[in-house]
Structure formats: structure tokens, C-alpha cells
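Student: Okay, here's the structure, questions in a sec.
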Amino acid sequence: MLIQKVEGRGLMNTIQEMDLLGARLRNLLSAQQSAGEFPLVNVYFSDDGALLESELPGLEPDDLEISVSNEILTLKGARQEESLSQDERFHRRERVFGQFSRSIKLPFPVDSERVTAKLNNGVLRLQLPRQAADMPRRISVKSGS
Amino acid sequence: MSNALMEREGKELQMQESVENTRPCPTYVPRADIYESKDQIVVLADMPGAHQDSVEITLENSILTVTASVEPSVTEGYSKALTEYGVGDFKRSFTLSNAIDREGIEASMKNGVLKLILPKSKSLLPKKIAVNSN
């Protein structure tokens, strides 16, 4: 009885450990992925446009330059690092800084007049409406009689 | 590395990880910069999407824990096209030494960046002792 209990727990531990290893591996892989592009973006599509979100912690609206030309969206900017005085020194530096520029091609031309951008708590939210001329038109079929 | 502030690592962190989350979103460890000056230690942590009111800082048994909950964005009517980052809560713990003046800890949040100011306790600041010639 006692042995069974111990064995059961041992198996659970093994499963938990495997879960942990899996979680660590995912963390490692996601860290690798994020090392390349900055900023990272999430893009969503709807019938009449796109929504783009990006994590830009520490940025003021003035630090960011957004331009749209037809289907190309460009995010440009710079992330300023805190400048340390002489008697201050870093122990740990994990955050990334510097200039960035990233262009994203959307599958439709964007109506640049109606683009809205909001920067809230370090997250950019861009609404990119599709050009009206590019909208799929529905042609109603009449029965010819 | 100063002994005043150490990150919690090893066994305790593993135990934390094996605790199941009650919220349906993942928890991320925020990237942090730590710097030290003569009289204080400053922690800057990137927590994009976290509102000031959702940030919780607790100090228990010399372990300083920062948590922030992030509300997933409203994307109704949209379908996912490209997902490069995940949205979830943030959590990170640090171990404080006695050299920190616990009463004087300050925290502020700006544009998704948390700034923690940990003043060093006065009694441990280096004292200059003048030498008198007799």
C-alpha cells in the first residue's frame, strides 16, 4: 500500500517535471523568436479593415512615427534608455533600446485618411480601414424575365 | 552583483510554476533593468498593457513580488492573422536583503513601464570618518 502511494506520487512528479520542462522550452523558444524583430505585432483582419497591436513599453506618442502608403504600413521610432549618472551602475539589462523600423504588407490598400492610432499603457492599437474602392462589391442578381 | 537585490531562483520558483493558474491567460516574466546608485536601487520592468491599478506589489518575508494583470484586447469581429506575442499577466519576484529600507519603497507606472525605487537603509550607507591629526 505504502509502496503504491509512493509510486503514484513519483509518477505525478515525473509528469509535473515534464510539464515544467515543456514550459521552459516554450519560454526559451519564444525568447529566441522575440530577439529578432522589434516591435512585435499582432494583426487581426475583418471584412472592412485590419487591427494591428504592438507592445511598445516606455514609448511616448512623439517617439513613434507611423506611415501608410497603400498596403504598406511602416512603424518607426526610438526607445530611449535611461541615462545613468556617474555613480549609478547597471546590475541587469534585459530591456531592448534603440531605433527601430518595421514595415508590414497588408493584403489590401489602406485608407490612410481614416487610420487611427492609440498608445495606451505601452500598447499601440492601430485601426487600418480598407480603401472603399477596394471593398468587395456585392452584385445582386436579378432574374431576367 | 550587489547582494541587496537578488532574483528568486531555483527550487522556490519551480514550486510556484507548478501551481495552477486560476486565470485563463498565461503569465509572463517581465523584462527588467536593475541599476544601483549610492543610496538606492532602481528596478525598471516592461509590462505593456498593464494599467497602474492592476499592478500589485507585495513584500513578504523579504521577497518582493510584482504582479500585474493585463486585460486581453477587444477584437470582436476580427479574425487572427498574425500573432507574434502573447498577452497575459506579469509576475516576477526579487529577494531583498536587509540593506533595503522597506518603508521607503516607491513604485510608479508610466507607459507600461514599472519603476520601483528601493532606498538603501540609512544605517548601511557608507559613512565617512574624518581623521583628526592630533
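The values are calculated or read from the model by the stated rules, or taken from the named source; none is laboratory data. Just so we're clear, the structure is a prediction, and the values are computed from it rather than from any experiment. Here the Cβ is made from the backbone with ideal geometry for all residues, glycine too, and neighbour counts use every protein chain on show. Note: accessible area is taken over every heavy atom of the protein model, side chains too, but ligands, DNA and RNA are not part of it. Shrake-Rupley method; radii C 1.70, N 1.55, O 1.52, S 1.80 Å.
Student: Out of the residues in the range A:71-85 that are surrounded by 13 or more Cβ atoms within 10 Å (Cβ to Cβ) and touching a helix residue (DSSP H, G or I) at 6+ places or on another chain (Cβ under 8 Å), which is nearest to B:Asp46 (Cα to Cα)?
Tutor: A:Arg79
Student: Moving on to the next point. Could you please find all residues in the range B:82-107 being under 15 Å from the mean Cα position of the chain (by Cα) and open to solvent by 60 Å² or more (accessible area, probe 1.4 Å)?
Tutor: B:Lys91, B:Arg102, B:Glu106
Student: When you check A:Gln86 against the structure, is it out of contact with any His (no Cβ under 7 Å at 6 or more places or on another chain) and assigned to a loop (DSSP other than H, G, I, E, B), yes or no?
Tutor: Yes: the conditions hold for A:Gln86.
Student: Please verify whether A:Pro57 is facing another protein chain (nearest Cβ under 10 Å), over 30 Å from A:Pro136 (Cβ atoms), under 15 Å from the mean Cα position of the chain (by Cα) and modelled with pLDDT of 90 or more, treating the condition exactly as stated.
Tutor: Considered against the rule, which asks whether it is facing another protein chain (nearest Cβ under 10 Å), over 30 Å from A:Pro136 (Cβ atoms), under 15 Å from the mean Cα position of the chain (by Cα) and modelled with pLDDT of 90 or more, A:Pro57 comes out as yes.
Student: Would you confirm, using the coordinates I've provided, whether A:Glu88 is facing chain B (nearest Cβ under 9 Å), closer than 18 Å to B:Asp46 by Cα, surrounded by fewer than 18 Cβ atoms within 10 Å (Cβ to Cβ) and modelled with pLDDT under 90? Please lay out each step first, then the result.
Tutor: On the way: facing chain B (nearest Cβ under 9 Å): yes; closer than 18 Å to B:Asp46 by Cα: no; surrounded by fewer than 18 Cβ atoms within 10 Å (Cβ to Cβ): yes; modelled with pLDDT under 90: yes.
Criteria not met by A:Glu88.
Student: With respect to B:Gly86, determine if the residue is within 8 Å of chain A (Cβ to nearest Cβ), part of a loop (DSSP other than H, G, I, E, B) and in contact with a helix residue (DSSP H, G or I) (Cβ under 8 Å, 6 or more places away or on another chain). Don't jump to the end; show me each part of the working.
Tutor: Details: within 8 Å of chain A (Cβ to nearest Cβ): yes; part of a loop (DSSP other than H, G, I, E, B): yes; in contact with a helix residue (DSSP H, G or I) (Cβ under 8 Å, 6 or more places away or on another chain): yes.
Yes.
Student: Related question: Out of curiosity, is A:Val43 among the β-branched types (Val, Ile, Thr), closer than 21 Å to B:Tyr85 by Cα and modelled with pLDDT of 75 or more?
Tutor: Against the criterion (among the β-branched types (Val, Ile, Thr), closer than 21 Å to B:Tyr85 by Cα and modelled with pLDDT of 75 or more), A:Val43 qualifies.
Student: Filter the range B:55-81 down to residues that are free of Cβ contacts under 8 Å to residues at least 24 places away in the same chain and outside any loop (DSSP other than H, G, I, E, B) and give me whichever is most open to solvent (accessible area, probe 1.4 Å).
Tutor: Checking each candidate, the answer is B:Lys80.
Student: Would you tally the residues in the range A:91-117 being surrounded by 11 or more Cβ atoms within 10 Å (Cβ to Cβ) and within 11 Å of another protein chain (Cβ to nearest Cβ)?
Tutor: 10
Student: Run B:Gln16 past the list (1) closer than 30 Å to A:Ser85 by Cβ; (2) among the polar types (S, T, N, Q); (3) modelled with pLDDT under 85 and report the number of the one that doesn't hold.
Tutor: (1)
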